[in-house]
Amino acid sequence: KVLDASTLSFGTRVRWFAICFVTGILCSFLGTALLWLPKGIKLFAVFYTLGNIAALASTCFLMGPVKQLKAMFDPKRLIATIVMLLCLILTLCAVFWWNKKGLAMLFCILQFLAMTWYSLSYIPFAR
């Protein structure tokens, strides 16, 4: 059931879901393309993280933000959510504050795995 308190029509929700999701994918691909530039690791980490955040935010248009947050922190996916959010933050910390390229790449890989684990937590028996 779609969040009743919203004033957005279902068509608008689906449209904005698609826009955010496609933007997230494009950001991730752009980050990957920028990785090969001389200082591309920072751009890669930023665009890849923004892509994951945009993809995650896209579901807020379908479910609504409150229902999305409740679902994210549901006990059956709490660990996946925490690991995913921690990887998003640690990726940016590694590239901007610690200046560790290898660590940033590791956190990007962990970010991918955490997002996959988190996404699978919504599919019954997929975990």
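Around Ala57, what is the net charge, scoring Lys/Arg as +1 and Asp/Glu as -1 over all other residues with Cβ under 14 Å from its Cβ?
Value of the local net charge: +2.
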Helix 40-63: inclination vs the chain longest Cα principal axis, degrees, rounded to 10, gives 0 degrees
Given that just one value was derived from the coordinates, which of (i) 48.6, 158; (ii) 13.8, 42; (iii) 15.7, 49 is Rg and Dmax of the Cα atoms in Å? (iii)
Pick out which of Met84, Met105, Met115 has the largest mean-square fluctuation in a Gaussian network model of the chain, springs linking Cα atoms closer than 10 Å. Met105
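Counting only pairs 8 or more residues apart or on different chains, how many lysine pairs in the chain have their Cα atoms under 29 Å apart? Please report the intermediate quantities before stating the final value.
On the way: Lys1/Lys67; Lys1/Lys70; Lys1/Lys76; Lys39/Lys100; Lys39/Lys101; Lys42/Lys100; Lys42/Lys101; Lys67/Lys76.
Total qualifying Lys-Lys pairs in the chain comes to 8.
So if R0 is 35 Å, what FRET efficiency would Tyr122 and Lys39 give, r being the distance between their Cβ atoms, rounded to the nearest 0.05?
Details: r = 37 Å, r/R0 = 1.04.
Here the calculated transfer efficiency is 0.45.
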Out of Gly31, Gly64, Gly102, any idea which swings most in a Gaussian network model of the chain, alpha carbons joined below 10 Å? Gly102
Applying a 10 Å radius around every beta-carbon, put 86-96, 70-80 in order of their mean neighbour count, most first. 86-96, 70-80
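Per residue, how much accessible surface does the chain expose to a 1.4 Å probe? Answer in Å², no decimals. If you can, show how the numbers build up before the last one.
Numbers: 7870 Å² over 127 residues.
Computed with neighbouring chains in place, this is 62 Å² per residue.
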Once R0 is set to 22 Å, what does the formula 1/(1 + (r/R0)^6) return for the Cβ-Cβ distance between Lys76 and Ile53, expressed as a FRET efficiency to the nearest 0.05? 0.45
How far apart, in nm, are the 7 Å Cα→Cβ label points at Leu30 and Trp16? 2.1 nm
Inter-site label distance for Phe112 and Leu62 at 7 Å from Cα along Cβ, in nm: 2.3 nm
If you line up the long axis of helix 78-96 against the longest principal axis of the chain, both from Cα atoms, how many degrees apart are they, to the nearest 10? 30 degrees
Hey, if we sort Thr116, Thr49, Thr12 by accessible area with the 1.4 Å probe, largest down, what's the order? Thr116, Thr12, Thr49
Just from its helices, what would the mean residue ellipticity at 222 nm be for the chain, if runs of 4 or more DSSP H residues each count -39500 (n - 2.57) and the sum is divided by every residue, rounded to the nearest 500 deg cm²/dmol? -26000 deg cm²/dmol
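Taking all protein chains in place and a 1.4 Å probe, what share, in percent, of the accessible surface of the stretch 21-81 do carbon and sulfur account for?
Values: 2790 of 3400 Å².
Carbon with sulfur: 82 percent of the solvent-accessible area.
The values are calculated or read from the model by the stated rules, or taken from the named source; none is laboratory data. Here the structure is a predicted model, which means the values were calculated and not measured. Cβ sites come from the backbone with ideal geometry, for glycine too, and all protein chains shown count toward neighbours. The protein model used for the area step is the full one, side chains on, heavy atoms only, and it has no ligands, DNA or RNA in it. Shrake-Rupley method; radii C 1.70, N 1.55, O 1.52, S 1.80 Å.
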